[in-house]
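For reference, the structure is listed below as structure tokens.
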Amino acid sequence: MAGRQAWSRAGFWRVAEPPLSPAVTGVAALGAAVLVVGCVLTSGSDPGGSAAASVPAADAATVELTTWYTSTQGVRSSIATNIQAVRAALDAQDGSSLQPQCVQLGGGTQGAARLQPGPDAQAQQMLAGGVERYAAAAATCLQLFDGTPIPVSELQTRVRTALADGDSQWQALATRAGLPMAVPLRSGEPSTTDVAPGTAPGAVSDAASDPAQDDEQGQDSGGSS
């Protein structure tokens, strides 16, 4: 025994394990790969991750925009009703109908200017842009009746242009909100304009807006100072 080499003694004896077959090796590698991919996918789908958290925030912003836009529907519909009447009177060249409608439109834009601001700057800019153009149309329309030395045809063109510009602003707002643009109120449907027509900038008195009362005032004006 003394001559036996050290590596053959019992304390150093190692039984060689048979080599793994290619099939077994492949299965083991595949299992490791599946484990790694699974870990990656699991970590990426964490509900608390930033990607998942951004979806509710976007939904909340959309809900806020549509809720605000819907809350302005009454005022916008009232203005749309006046605009429809103004355009009809212009087409018919009916001055007696045009003047009170322009007064109403001016009052409606004052009410719209006091609406709650939009939830984001772009929406508010579109709303305000439409209001400003409609107010300009109303003011220009009233110049048809105050002796302004500008040709009637020119003033009427300016009114139509301002109305079209206002429509463009409000159509863009409707597109942004994903909802329809305001439509005129149906016959008999109450208006939500909260500003008296006589308080609009450049507005004439209520009596002057009524053709019948105009005739009575014209008859009485000769004896008044």
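The values are calculated or read from the model by the stated rules, or taken from the named source; none is laboratory data. Computed from a prediction, not measured in an experiment: that's the story for all the values here. Counting neighbours? That spans all protein chains shown, and the Cβs are built from the backbone with ideal geometry, glycine included. These area figures cover heavy atoms from the full protein model, side chains too; ligands, DNA and RNA do not enter into them. Shrake-Rupley method; radii C 1.70, N 1.55, O 1.52, S 1.80 Å.
Write out, first by first residue and then by second, each pair whose Cβ atoms fall under 8 Å of each other, whose residues are 6+ apart or on separate chains, and whose first residue, in the range 137-159, is β-branched (Val, Ile, Thr) while the second is open to solvent by 80 Å² or more (accessible area, probe 1.4 Å) and part of a helix (DSSP H, G or I).
THR140/ARG158
Do the conditions hold for PRO100, that is, is it modelled with pLDDT under 95 and either open to solvent by 20 Å² or more (accessible area, probe 1.4 Å) or among the hydroxyl-bearing types (Ser, Thr, Tyr) (or both)?
Criteria not met by PRO100.
Using beta carbons and a limit of 8 Å, which pairs, at least six apart or on different chains, have the first residue in the range 170-197 and on the phi < 0 side of the Ramachandran plot and at pLDDT below 85 and the second one assigned to a loop (DSSP other than H, G, I, E, B) and buried (at least 17 other Cβ atoms within 10 Å of the Cβ)?
Filtered contacts from the range 170-197: SER191/LEU185; PRO197/ALA203; PRO197/SER209.
What do you reckon, is GLY118 assigned to a loop (DSSP other than H, G, I, E, B), over 21 Å from ARG186 (Cα atoms), touching a residue at least 40 places away in the same chain (Cβ under 8 Å) and not aromatic (Phe, Trp, Tyr)?
Answer is yes for this residue.
Looking only at the range 151-186, count every residue that is over 30 Å from THR67 (Cα atoms), open to solvent by less than 50 Å² (accessible area, probe 1.4 Å) and of a type in the set (A, V, I, L, M, F, W, C) and tell me the total.
Selection size over the range 151-186: 2.
Inside the range 113-133, can you point out the residues that are open to solvent by less than 40 Å² (accessible area, probe 1.4 Å) and closer than 26 Å to ASP91 by Cα?
Result: GLY129, GLY130, VAL131.
Please determine whether any residue of the range 87-97 is more than 17 Å from GLN156 (Cβ to Cβ) and either at pLDDT below 95 or of a type outside the set (Lys, Arg) (or both).
Checked the range 87-97: no residue is more than 17 Å from GLN156 (Cβ to Cβ) and either at pLDDT below 95 or of a type outside the set (Lys, Arg) (or both).
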